[in-house]
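To keep things clear, I will list the structure first and then write my remarks on it.
Derivation of every value follows stated rules applied to the coordinates shown; laboratory data play no part. Please read all numbers here as calculations on a predicted model, not as lab measurements. So basically every Cβ, Gly included, is an ideal-geometry build from the backbone, and we count neighbours across all protein chains shown.
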Amino acid sequence: MADTTEKKACSCCGKHTDRSEEERRKLINRLKRVEGQIRGIIGMLENDAYCNDILIQSAAVNAAVNSFNKELLANHIRTCVARDIREGKDETIDELVTTLQKLMK
């Protein structure tokens, strides 16, 4: 069943990104795996699992989120950033630099 709902711009910045159904599905699946890992950690805490085991799972969550960020960032550069630069919107470069600085904290 096709999604016929109108896409709305992000309320925080007024921008949006058109993604292919495959790209959207891949990104959502990555986040669902992270969500499952987080639920697993919650369960570990509820069952008084050993601290080291929880820390290892937490590191796995961090790696999964970093992987998601790398995938989304690569797509962003290939699509949104490239498009804006071609259209002469050089402020997009400053936005990208700011985003990279936040990701590297």
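Placing unit charges on C-beta atoms (Lys and Arg positive, Asp and Glu negative, everything else neutral), compute the dipole magnitude of the chain about its Cα centre in debye, rounded to 20. Walk me through the numbers on the way to the answer.
On the way: 18 positive and 17 negative charges, 34 e Å.
In total the dipole reaches around 160 debye.
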Highest GNM mean-square fluctuation among 38, 85, 77, for the chain with Cα springs under 10 Å, belongs to 85
Mean-square fluctuation check for the chain, GNM, Cα pairs under 10 Å: which of 27, 73, 45 is largest?
45
On a full-extension model of 0.36 nm per residue, what is the gain between residue 17 and residue 102, subtracting their alpha-carbon distance, rounded to one decimal in nm?
28.6 nm
Between residue 27 and residue 95, Cβ-based FRET efficiency (R0 22 Å, step 0.05) works out to 0.65
Which aspartates and glutamates, if any, have their Cα less than 13 Å from the Cα of residue 26, not counting same-chain residues under 8 positions apart?
71
222 nm mean residue ellipticity, helices alone, for the chain (DSSP H n ≥ 4; -39,500 (n - 2.57); rounded to 500)
-22500 deg cm²/dmol
